[in-house]
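Below you'll find the structure, written out as structure tokens, and then a few comments.
The values are calculated or read from the model by the stated rules, or taken from the named source; none is laboratory data. Keep in mind the model is a prediction, meaning the values are calculated, not measured. Glycine also receives a Cβ, built like all others from the backbone with ideal geometry; neighbour counts cover every protein chain displayed.
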Amino acid sequence: GESVGLHLPTLSVQEGDNSIINCAYSNSASDYFIWYKQESGKGPQFIIDIRSNMDKRQGQRVTVLLNKTVKHLSLQIAATQPGDSAVYFCAENGAGANNLFFGTGTRLTVIP
Amino acid sequence: SQTIHQWPATLVQPVGSPLSLECTVEGTSNPNLYWYRQAAGRGLQLLFYSVGIGQISSEVPQNLSASRPQDRQFILSSKKLLLSDSGFYLCAWSWGHEQFFGPGTRLTVL
């Protein structure tokens, strides 16, 4: 749902460690989910997406897990690098609509 | 390939002045278009979306308006800016679910 009034939660990880960013979504009818990465002063960039008929999808160093039972989405980043430092947003599409509803966002800081 | 442009990149305007932000998309036709606002350290707030020329849906009542005079052009306007209009304005386009964002316009209202 809407997150515009909330301060971003933060996550700090050591370079080389794995990162896990969590997201709770609100609409059980959502059938498409997506993660974006937003670097400071730039527009969000697509990372990975997943449809509701899957519970796991892997990309390059990233994995998205979907648990429809508890309406939970997570993004795992393997071997986190300083370039991964950014704000990460999850989004759901609601009841099959083309509009996306964005989560709060999480600020990931990678410590060298 | 598709590209999306926004201008200006940054803008400083006095309270009460008008606003016009422009977004254009290349390499695609009949996209859905979106305007978002992002306050510092906050999430994305959907302001307007459009599924075709002249078709605008407003998500949040405010002193902003949007227009789509051409298929790949989306304009965000205001007649009189408020201090609370300051923020990072993002335009996006989509065909299906995935949205592709522009570089954004940082607006500061003084």
Checklist outcome for this item: Exception for B:THR24 within (1) touching a Cys at 6+ places or on another chain (Cβ under 9 Å); (2) more than 13 Å from B:PHE101 (Cα to Cα); (3) not hydrophobic (A, V, I, L, M, F, W, C) falls at (2)
Item to check | Members of the stretch A:54-74 found to be in contact (Cβ under 8 Å) with a residue 40 or more places away in the chain, in a strand (DSSP E or B) and surrounded by 15 or more Cβ atoms within 10 Å (Cβ to Cβ), listed by number | outcome: A:LEU73, A:SER74
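How many residues does the stretch A:6-20 hold that are within 14 Å of another protein chain (Cβ to nearest Cβ) and either among the hydrophobic types (A, V, I, L, M, F, W, C) or in contact (Cβ under 8 Å) with a residue 40 or more places away in the chain (or both)?
Adding up the residues that qualify gives 4.
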Checklist entry - In the set A:GLN81, A:GLN60, which member is modelled with pLDDT under 95, out of contact with any Cys (no Cβ under 8 Å at 6 or more places or on another chain) and more than 11 Å from chain B (Cβ to nearest Cβ)? => result A:GLN60
Checklist entry - Of A:GLY94, A:GLY105, which residue is in contact (Cβ under 8 Å) with a residue 60 or more places away in the chain, within 14 Å of chain B (Cβ to nearest Cβ), more than 13 Å from the chain's Cα centre (by Cα) and under 30 Å from B:SER50 (Cβ atoms)? => result A:GLY94
Next on the checklist: Which count do you get for residues in the stretch A:25-43 that are assigned to a strand (DSSP E or B) and either facing chain B (nearest Cβ under 10 Å) or loosely packed, with under 14 Cβ neighbours inside 10 Å (or both)?
Outcome noted: 5
Next on the checklist: Just to verify a result, which residue in the stretch A:44-53, among those that are assigned to a strand (DSSP E or B) and more than 17 Å from B:ILE4 (Cα to Cα), is farthest from the chain's Cα centre (by Cα)?
Outcome noted: A:ARG51
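A quick yes/no check of all residues on (1) under 13 Å from B:TYR89 (Cβ atoms); (2) among the hydroxyl-bearing types (Ser, Thr, Tyr); (3) modelled with pLDDT under 95:
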{"residue": "B:GLN6", "(1), (2), (3)": "yes, no, no"}
{"residue": "B:VAL15", "(1), (2), (3)": "no, no, no"}
{"residue": "B:CYS23", "(1), (2), (3)": "yes, no, no"}
{"residue": "B:GLU26", "(1), (2), (3)": "no, no, no"}
{"residue": "B:GLN38", "(1), (2), (3)": "yes, no, yes"}
{"residue": "B:LEU46", "(1), (2), (3)": "yes, no, yes"}
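For the condition at pLDDT below 95, surrounded by fewer than 21 Cβ atoms within 10 Å (Cβ to Cβ) and either touching a Cys at 6+ places or on another chain (Cβ under 8 Å) or at positive phi (or both), what is the one hit in A:GLY105, A:GLY96?
Answer to the selection: A:GLY96.
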